[in-house]
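Undergrad: My questions will all concern the structure given below.
The values are calculated or read from the model by the stated rules, or taken from the named source; none is laboratory data. None of these values were measured; they are calculated from a predicted model. Here Cβ is always computed from backbone atoms with ideal geometry, including for glycine, and neighbour counts include all displayed protein chains. Quick note on the areas: whole protein, heavy atoms, side chains included, nothing else; ligands and nucleic acids left out. Shrake-Rupley method; radii C 1.70, N 1.55, O 1.52, S 1.80 Å.
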Amino acid sequence: VIAIVRLGVLLAVLLSLAADRFGRRPMLLATICGFALMSAVTAGAINVVWFTITQFLAKMFLHTEYLLSNVSILEEFDTGTRGWAVGAVSALCVMGSGLCIVMYGPIGGYPYGWRILYAVGVIPLL
């Protein structure tokens, strides 16, 4: 399951190429919505196949979002602040993952605790 989910990163590279055709901003917004939607759908997964498919797509959207945000930073920021901005985005990504790990402690013990963590992913759509 983990290996299949991680293959979504490969499609992220291909999806990020669509930004040249449709524009970075629309693609960035689409990937934010796609990731939030796939996270919410993952919360309702009825079996391991459904979980794997939704997480594969979520991983694809998330990494496309990360690639496009870095490209945007590299194009928009001047050379003096570019490194700081890329580092800030990377640090925030790691902090988000860390927050999920920390929150799993108190929530994970409940029967559907892991589903709550995925359902929180819909917040960017609100």
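Undergrad: Which one of these is at pLDDT 90 or above, assigned to a helix (DSSP H, G or I) and open to solvent by 70 Å² or more (accessible area, probe 1.4 Å): Ile73, Ile53?
TA: The match here is Ile53.
Undergrad: So, one more: Among the candidates Ala85, Ala58, which residue alone is more than 26 Å from Ala3 (Cβ to Cβ), open to solvent by less than 50 Å² (accessible area, probe 1.4 Å) and either free of Cβ contacts under 8 Å to residues at least 24 places away in the same chain or within 13 Å of the chain's Cα centre (by Cα) (or both)?
TA: Of Ala85, Ala58, the one residue that is more than 26 Å from Ala3 (Cβ to Cβ), open to solvent by less than 50 Å² (accessible area, probe 1.4 Å) and either free of Cβ contacts under 8 Å to residues at least 24 places away in the same chain or within 13 Å of the chain's Cα centre (by Cα) (or both) is Ala85.
Undergrad: Could you tell me which of the residues Gly109, Gly83, Gly105 is modelled with pLDDT under 90 and either among the charged types (D, E, K, R) or in a helix (DSSP H, G or I) (or both)?
TA: Gly105 is the lone residue from the list that is modelled with pLDDT under 90 and either among the charged types (D, E, K, R) or in a helix (DSSP H, G or I) (or both).
Undergrad: Which of (1) open to solvent by less than 60 Å² (accessible area, probe 1.4 Å); (2) farther than 20 Å from Val1 by Cα; (3) among the hydrophobic types (A, V, I, L, M, F, W, C) is the odd one out, the single condition Val41 does not satisfy?
TA: (2)
Undergrad: Find all pairs meeting these conditions: Cβ atoms under 8 angstrom apart; at least six residues apart or on different chains; first residue within the stretch 24-51 and of a type in the set (Lys, Arg); second residue open to solvent by less than 80 Å² (accessible area, probe 1.4 Å).
TA: Close Cβ pairs (under 8 Å, with a partner that is open to solvent by less than 80 Å² (accessible area, probe 1.4 Å)) amount to Arg24/Leu68; Arg24/Val71; Arg24/Ser72.
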